[in-house]
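Report on the following structure.
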Amino acid sequence: MARIHGGADAQGSPRWDFSTCANAAGPCPQALAVVRAADPTRYPDPNATVVRQALAKLHGVEPRRILPAASASEFIQRITAVSGRLWPGAVSVPAHAYGDYAAAAAAWGRPLTGDDEIATLCWRADPTSPLGQDGDAGGRDAARPTVLDAVYAPLRLEGACAWRVETLDAVFVLHSPNKALGLTGVRGAYAVAPLAAAYDSEALCQALEAAAPSWPLSAQSEAMLLSWSTPAAQAWVAHSLDTLAAWKSDLQRRLTERGFSLRPSVTPFFITRPPQPLDLSSLRAEGLAVRDTASFGLPGCWRVSAQPPHAQEALMRGIDAAQRNAA
């Protein structure tokens, strides 16, 4: 299964990148400073002791519930493999979802299903990707291994997560702060493990730990996660949301003026459809990137993220030229 992502490609990193969901107001200066200061000449603690303690304090849980991961995608692969060994069966994936859920299922020979009742691993997201909308609030999720992908929760611009505390405590909650911090080149993530579930979640956690790499976190990712746990970084992300909301509103207005249709979202990114097919390669040649959403099951649409005004000006010039060529 081909994996399609936004961001850098064979042509390098686009000058104006609307294709990823990283915080365009970033990078967070506090996080960037500690990442740059990280010592790459020494091994980090393989048990990530200090990182677990800091993240546990951030989330108000015991350190044993923090499961470090090399990245969100690494954890997706690992839990798909390990849960499939313990409870063979299908994986439930939302109709429009991050492609690595299905890619991991295919890699480990697990069929996909839309029926949670027959699945032995279920994926949820809030907010969702690529739509950037409110996710399913959950319900029967304690009955089988379930992961709530909360990667975009820190970038929510409106509303609130509908998951109750007791429901969150019954599932794995996956976090990948590099997006909110605007540091997507630094890999590193973690999951908060369930407190209680109707299946043997302790056995699954033990198996996940056993299947983890000896050093899941590099010195830089360790530094990023420690910074993420601080009040300064949390305050910076919260403050950035006003900027992102203004940029999103401006981008939506500009696209609407050019005949694009928009889907609602609660995040800085959203789905849009051009009024006619446009040549994305011509945009890419001009240093512009948007995310074609055919791989998400949304052919003919793009996912775009809020970007600064100068980037928006470049995108509008590119769209105007592409529309003239398509006329």
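Within the range 225-247, which residues are within 13 Å of PRO29 (Cβ to Cβ) and in contact with a helix residue (DSSP H, G or I) (Cβ under 6 Å, 6 or more places away or on another chain)? Show your work before the answer.
First, the residues of the range 225-247 that are within 13 Å of PRO29 (Cβ to Cβ): 227, 230, 232-233, 235-237, 239-240.
Scanning the range 225-247 gives SER227, ALA232, ALA233, VAL237.
Please work out if ARG317 is over 21 Å from ARG15 (Cα atoms), basic (Lys, Arg) and open to solvent by 60 Å² or more (accessible area, probe 1.4 Å). So ARG317 fails the test.
Do the conditions hold for ASP242, that is, is it open to solvent by 60 Å² or more (accessible area, probe 1.4 Å) and in a helix (DSSP H, G or I)? Answer is yes for this residue. When SER227 is tested against (1) more than 15 Å from LEU155 (Cβ to Cβ); (2) of a type in the set (Ser, Thr, Tyr); (3) surrounded by fewer than 20 Cβ atoms within 10 Å (Cβ to Cβ); (4) in contact (Cβ under 8 Å) with a residue 40 or more places away in the chain, only condition (3) is not met.
Applying the selection to the range 168-196, what residues are of a type in the set (Ser, Thr, Tyr) and open to solvent by less than 10 Å² (accessible area, probe 1.4 Å)?
Looking only at the range 168-196, we keep the residues that are of a type in the set (Ser, Thr, Tyr), and these are 176, 184, 190.
If the condition is that a residue be of a type in the set (Ser, Thr, Tyr) and open to solvent by less than 10 Å² (accessible area, probe 1.4 Å), then SER176, TYR190 are the ones that fit.
Among the residues of the range 14-63, the ones that are among the hydrophobic types (A, V, I, L, M, F, W, C), in a helix (DSSP H, G or I) and open to solvent by 30 Å² or more (accessible area, probe 1.4 Å) come to 6 in all.
Taken together, ALA97, ALA105 contain a single residue that is open to solvent by less than 30 Å² (accessible area, probe 1.4 Å) and in a loop (DSSP other than H, G, I, E, B), which is ALA97. State the number of residues belonging to the range 64-78 that are assigned to a helix (DSSP H, G or I), out of contact with any strand residue (DSSP E or B) (no Cβ under 6 Å at 6 or more places or on another chain) and open to solvent by less than 60 Å² (accessible area, probe 1.4 Å). Within the range 64-78, residues that are assigned to a helix (DSSP H, G or I), out of contact with any strand residue (DSSP E or B) (no Cβ under 6 Å at 6 or more places or on another chain) and open to solvent by less than 60 Å² (accessible area, probe 1.4 Å) number 5.
For ALA69, indicate whether it is modelled with pLDDT of 95 or more, within 16 Å of VAL147 (Cβ to Cβ), of a type outside the set (Asp, Glu) and in contact with a Leu (Cβ under 7 Å, 6 or more places away or on another chain). Even if it seems obvious, please write down each step before you answer.
Working: modelled with pLDDT of 95 or more: yes; within 16 Å of VAL147 (Cβ to Cβ): yes; of a type outside the set (Asp, Glu): yes; in contact with a Leu (Cβ under 7 Å, 6 or more places away or on another chain): no.
No; evaluated as a whole, the condition is false for this residue.
Number of residues in the range 203-224 that are among the small types (Gly, Ala, Ser) and under 28 Å from ALA31 (Cβ atoms): the value is 6.
For TYR199, indicate whether it is closer than 21 Å to CYS21 by Cα, open to solvent by less than 50 Å² (accessible area, probe 1.4 Å), in contact (Cβ under 8 Å) with a residue 24 or more places away in the chain and not in a helix (DSSP H, G or I). No: the conditions fail for TYR199.
The values are calculated or read from the model by the stated rules, or taken from the named source; none is laboratory data. Only a predicted model underlies this, so the values are computations on that prediction, with no experimental measurement involved. With ideal geometry, Cβ positions are generated from the backbone for all residues, glycine too; neighbour counts draw on all protein chains shown. Surface areas here come from the heavy atoms of the whole protein model, side chains and all, with no ligands, DNA or RNA. Shrake-Rupley method; radii C 1.70, N 1.55, O 1.52, S 1.80 Å.
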